[in-house]
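A quick write-up on the structure given underneath.
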Amino acid sequence: MMLSPWDRWYSSTCCLCCHVRTATIILGVWYMLINAVVLIILFTALSDPDQYHLTSAELANDLDVMDDANMCIASAISLLMILICGMATYGAYKLHAAWIIPFFCYQIFDFALNTLVAVSIVVYPNTIQDYLQQLPENFPYKEEVAALSSFCLVLIVLLFISCILAFKAYLIACVWNCYRYVCGRGSSEVLLYVTTNDTTVLLPPYDDSVRWGALFCSLHSSSTD
C-alpha cells in the first residue's frame, strides 16, 4: 500500500517520547508565558515613560516621537499572540482541531520571515557590517566580531539561522501532527461493519454505545422501581 508524504512523516510522538498533543500544550503555554512577560514589560514602560523613554540624542534621529506608538502596537501584538496561543492550548486539550489552526498559521508566517532574513543575508552580506556599526560602543565583543571577515560573519549568521529554522520546522511538524491526531480522533467515531457468513451488522460508535447503554440502564432501573 502506497503512503502519501503526509502519512509517511506523520507521528504521534515527538522529542523525549512526548505525545504531540502534550507537546503542543506545552508549546502553547510557553509562548503565552513569553508574550505575557513582554506585555508586562511594555505596560511598565507605558506607565512610566520618563524612565524608559529614549532621547533623540540616543536615537540619533526623531524616532522617539513614535516610541509610544510602537510600544502600543507591540502590546497589541502580544495580546493577539496570547490569544492565539491560548486557542492552540485549549484546542489541543479539548481536542478541537479548528482552534489549533491560527497558531499553526503563525508558525508558518514566522518560519517564512526567518527564511527571508536568511535569504537577505545571502543576497546582501554587507547588511551584517552595517548592523554591527549601529550597535553601541560598549556592546560586548563588538570589536572582535567586527574584526572578522565578511565571509566568516555571513557563514556564522547563516549557521545560526539554519539551526533556528530547523528547530522551528520541527515545532511546526509537532503542531501539524497534533492537528492531524485531533482530526483523526474526531473522524474515528464512524460506524463499524461486522460481517459474518450470512449477515452484516452495523455497529454504532463506542461513545454512542456507552451513552445509550447508560440511558437504557437508567430507564430500566426506573421502570423496575
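The values are calculated or read from the model by the stated rules, or taken from the named source; none is laboratory data. Small disclaimer: the values here were computed from a predicted structure and weren't measured. Reconstructed Cβ throughout: ideal geometry from the backbone, glycine too, with neighbour counts over all protein chains shown. Areas reflect the complete protein model, heavy atoms only, side chains present, ligands, DNA and RNA absent. Shrake-Rupley method; radii C 1.70, N 1.55, O 1.52, S 1.80 Å.
Residue count for segment 158-174 under the criterion of being within 17 Å of V119 (Cα to Cα) and either open to solvent by 40 Å² or more (accessible area, probe 1.4 Å) or without any contact (Cβ under 8 Å) to a residue 24 or more places away in the chain (or both): the result is 9.
Looking across N114, N177, N138, N126, one residue alone is open to solvent by 60 Å² or more (accessible area, probe 1.4 Å), of a type outside the set (D, E, K, R) and in contact (Cβ under 8 Å) with a residue 12 or more places away in the chain. It is N126. Here L148 meets each of (1) more than 22 Å from H19 (Cα to Cα); (2) modelled with pLDDT of 75 or more; (3) assigned to a helix (DSSP H, G or I) with one exception, condition (3).
Of all residues in segment 155-212, those satisfying the criterion of being β-branched (V, I, T), in contact with a Phe, Trp or Tyr (Cβ under 7 Å, 6 or more places away or on another chain) and either modelled with pLDDT of 85 or more or part of a helix (DSSP H, G or I) (or both) are I172, V175. When W6 is tested against (1) modelled with pLDDT under 90; (2) assigned to a helix (DSSP H, G or I); (3) surrounded by 11 or more Cβ atoms within 10 Å (Cβ to Cβ); (4) of a type in the set (F, W, Y), exactly one condition is not met: (3).
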